[in-house]
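Trainee: One structure coming up, written as structure tokens, with questions to follow.
The numbers here are math on the coordinates, done by the rules we state, and not lab data. If you're wondering where the values come from, they're calculated on a predicted model, not measured in any experiment. Glycine gets a Cβ as well: all are built from the backbone with ideal geometry, and neighbour counts include every protein chain shown.
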Amino acid sequence: MITYLSYFCIIIGIIFWFWGTFPLVGDRSVLYKLHSLSVADTLGSMSIILGLLLKIPSEWPLLVLGIISLAIWNTVLGYVLAYCSSSEDNQQ
């Protein structure tokens, strides 16, 4: 049962990865495209790591560190991108 749940999490993660690329072909702003891509990639990567955590629980410290790092890194990167885009708008 754990094996099937692990594979399910990994498949959901891969689906999130591909789902995040679809807004890139739309006609919205670059920031909207980047936001949707980063959210989908973060959720997909976390889901894959969760699947790996279920599959190999002996490596839980590294996998939990990976999940925490993904959450912090992508949040900070989002704020940096938003700040950079708002400072460009103020300069023009």
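Trainee: At 222 nm, what value in deg cm²/dmol follows for the chain if DSSP H runs of at least 4 each add -39500 (n - 2.57) and the sum is divided by all its residues, to the nearest 500? Write out the running numbers ahead of the final one.
Mentor: Details: 3 runs with 78 residues, N = 92.
After summing the helix terms and dividing by the residues of the chain, the value is -30000 deg cm²/dmol.
Trainee: Can you pull out the trypsin sites (Lys or Arg not before Pro) in the chain whose DSSP state is coil and whose Cβ has at most 14 other Cβ atoms within 10 Å?
Mentor: Working: sites: Arg28, Lys33, Lys55; in loops: Arg28.
Loop-located and lightly packed - Arg28.
Trainee: Consider a paramagnetic label point 7 Å from the Cα of Ser58 along Cα→Cβ; state which residues of segment 1-40 have an amide N under 19 Å from it.
Mentor: From segment 1-40, the list is 2-3, 6.
Trainee: Under 10 Å, Cα contacts only: if you run a Gaussian network model on the chain, which one of Ser36, Ser69, Ser47 comes out with the highest mean-square fluctuation?
Mentor: Among Ser36, Ser69, Ser47, the largest GNM mean-square fluctuation belongs to Ser69.
Trainee: For the chain, place one equal point scatterer on every Cα, skip the solvent, and apply the Debye formula. What is log10 of I(q)/I(0) at q = 0.14, 0.21 Å⁻¹?
Mentor: -0.60, -0.99
Trainee: Run the dipole for the chain about the Cα centre, Lys and Arg Cβ at +1, Asp and Glu Cβ at -1, nothing else charged, and hand back the magnitude in debye, nearest 20.
Mentor: On the way: 3 positive and 5 negative charges, 46 e Å.
With only Lys, Arg, Asp and Glu charged at Cβ, the dipole is about 220 debye.
Trainee: Show me, for segment 46-58, the HN-Hα J-couplings you get by feeding each phi into the Karplus relation (A = 6.51, B = -1.76, C = 1.60, θ = phi - 60°), rounded to Hz, glycine and proline as x.
Mentor: Going residue by residue, I get 5, 5, 5, 5, 5, x, 5, 5, 5, 6, 10, x, 5 Hz, with x marking Gly and Pro.
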